[in-house]
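Beneath this line is the structure, given in structure tokens, with notes to follow.
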Amino acid sequence: MGVPLLTRWREGHPPLYANQAVGQFGSGLSAPFVPYYATRLGATTADLGWLQAFNNLFPNLLQLPWGRLSDRVGRRVPFIVVGSIVSASLFLLIAASASPWQLILIVMVQAIAVSIVAPNWGALLGEKTDRGRRGRFFGSMSMVGGVASLGGTLLAAFLVFRAPENAAHSFQLPFVIAAIVGIAAGLVLLLVREGKALAANAGTTEATDPVRDGERHRDFLFFTRVQTFYNFFMSFSWPLIPITVAVVLRASNLDIVMITVVTAVSTIALQTQVGRLLDRVGPVTLIQASRFLFILVPLAYGLANSLLWVYIISALMGVPSAIVNVAFNAYILDVAPPKKHAEYFGLFNGAIGLVTFAGSLIAGYAASWLAGLWAGNLWLALLAIYLVSFAGRTAGAFLCLKIRDPTAYPESANEMWRRFHHHTANGRP
């Protein structure tokens, strides 16, 4: 009895949930605070542009070769385990960094290790669940990860609260703990039982249609082009936000942690509902909604005159964040041929990595140049770049309206809205 039970446990979802819980606990302890750590070490807007650019480029650009290799080998778990352990270990060196550029170079190496994980994790999740239940599975997986990440962030808050208010070394202990926890998360995945002939057997139960596959490939290419346009302008804000929060609005280390907590709580509260909605209407409607909601971010940070506005926008962004956690993976799994899941993840994320590398770098240097041009008026320089980000996001959001769902779902967004309106009009919840 014990052996069959263990086999079913290893073939099912529990090891995946365990990895997500442990890994995201470590991520909550560390990942949100790396840019702020760089700021405390004296990083400029240009330095943060490089930090964000490397963090965008290498985890994404190298996913394509790793994804193709994984599809060819027919295994996901070994790639995820190696990438997780290496990337987590590098938090020890991040904690020991003494200057912004030491930190930036270590983050670059860490990003290369992360690129091994991402396409294989997405493909593994797709292979462990059926299409009709992906939304619920991804939603529950993201909720588990979100709760664990929140736990890590709260622990970071406790550790930071006991340290000097604006000191860089306040973040070092959370980074060390994150390294240990991240290594454990990678080892947990060794419990996953994975068929070795995955690549050879995948898709044999589904007949191929060259015309349909060609149409889906064109849909995927259009989707990728639209998202690269949107993310190029989206990334303009990323190197500026830590400067706005830590320098312009003079946030303490505890404020920085609590802003992350607010976003996490908001996302967790909505995650399972978003997953269920995805199973009804499909990923495209949700992706379109998230693109319009994210338009608010650069305006909020650019015009904020107190940390209260940062807390408010952080709470509101729980909605699109919950969508991003489930909808993009679901779309790529819907549109990709079964034997090329990891390759399609690699293609999409590689394109995103290239444009966000350029966007973050351009924004960081442009803000630095404008601050010098305008006699050190940092707030005005940041606002100018935020407005460019706002304009680009707005144009990209309207382009997203042309994206099509590659697979039929039970309801359209209009049908669901009419049903909701009918129920509420008749006094029923």
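Annotations for the structure displayed:
- Hits in region 326-343 (condition: within 16 Å of V284 (Cβ to Cβ) and of a type outside the set (D, E, K, R)): V326, A327, F328, N329, A330, Y331, I332, L333, V335, A336
- When the test is whether a residue is farther than 28 Å from S170 by Cβ and not hydroxyl-bearing (S, T, Y), D279 passes it.
- Here region 379-408 is the region considered, the condition is being under 25 Å from the mean Cα position of the chain (by Cα) and of a type in the set (F, W, Y), and the residue that is surrounded by the fewest Cβ atoms within 10 Å (Cβ to Cβ) is F398.
- Given (1) without any contact (Cβ under 8 Å) to a residue 60 or more places away in the chain; (2) under 26 Å from M141 (Cβ atoms), number of the condition G42 does not satisfy: (2)
- Residues in region 100-139 that are modelled with pLDDT under 85, within 29 Å of Y36 (Cβ to Cβ) and aliphatic (A, V, I, L, M): A118 only.
- Near pairs, Cβ below 9 angstrom, 6+ apart or cross-chain, from region 134-149 (surrounded by fewer than 24 Cβ atoms within 10 Å (Cβ to Cβ)) to any residue that is of a type in the set (S, T, Y) and not in a helix (DSSP H, G or I): R136/T129; F137/T129
- Criterion: at pLDDT 85 or above and of a type in the set (S, T, Y) - qualifying residue of S142, S149: S149
- Test: residue in region 196-212 that is outside any helix (DSSP H, G or I) and modelled with pLDDT of 85 or more: no
- Filtering region 267-312 to residues that are among the charged types (D, E, K, R) and either touching a Leu at 6+ places or on another chain (Cβ under 7 Å) or surrounded by fewer than 19 Cβ atoms within 10 Å (Cβ to Cβ) (or both) leaves R276, R280.
- Residue count for region 369-378, restricted to those that are closer than 23 Å to N231 by Cα and either within 24 Å of the chain's Cα centre (by Cα) or surrounded by 17 or more Cβ atoms within 10 Å (Cβ to Cβ) (or both): 1.
- Looking only at residues of region 218-238 that are surrounded by fewer than 16 Cβ atoms within 10 Å (Cβ to Cβ) and more than 30 Å from T45 (Cβ to Cβ), we find that the one that is modelled with the lowest pLDDT is R218.
- Here the helices (runs of 4 or more DSSP H) wholly within region 259-376 that include at least 3 residues being of a type outside the set (V, I, T) and within 23 Å of A38 (Cα to Cα) are 296-303, 307-316, 341-373.
- Matching residues in region 341-365 - criterion: being farther than 30 Å from R68 by Cα and in contact with a helix residue (DSSP H, G or I) (Cβ under 6 Å, 6 or more places away or on another chain): A363, G364, Y365
- Restricting the first member to region 393-410 and to residues that are within 17 Å of F292 (Cα to Cα), and the second to residues that are surrounded by 13 or more Cβ atoms within 10 Å (Cβ to Cβ) and among the charged types (D, E, K, R), the beta-carbon pairs closer than 8 Å and six or more apart or on different chains are R393/R291; G396/R291; A397/R291; C400/R291; I403/D219; R404/D219.
- Per the listing A351, A366, the residue uniquely under 19 Å from the mean Cα position of the chain (by Cα) and either buried (at least 21 other Cβ atoms within 10 Å of the Cβ) or modelled with pLDDT of 90 or more (or both) is A351.
- Yes/no for V107 being closer than 21 Å to L189 by Cα, in contact (Cβ under 8 Å) with a residue 12 or more places away in the chain, under 22 Å from the mean Cα position of the chain (by Cα) and crowded, with 19+ Cβ neighbours inside 10 Å: no
- Condition check for F58: at pLDDT below 85, of a type in the set (F, W, Y), farther than 21 Å from L382 by Cα and out of contact with any His (no Cβ under 9 Å at 6 or more places or on another chain): yes
- Residues in region 235-282 that are under 14 Å from G302 (Cα atoms) and not polar (S, T, N, Q): F236, W238, P239, L240, I241, P242, I243, V245, A246, V247, V248, L249.
- Residue count for region 244-258, restricted to those that are of a type in the set (G, A, S) and part of a helix (DSSP H, G or I): 1
The values are calculated or read from the model by the stated rules, or taken from the named source; none is laboratory data. Fair warning: this is a prediction, and the values are worked out from it, not measured in the lab. Methodologically, a virtual Cβ is constructed for each residue, glycine included, from the backbone with ideal geometry; neighbour enumeration extends over all protein chains shown.
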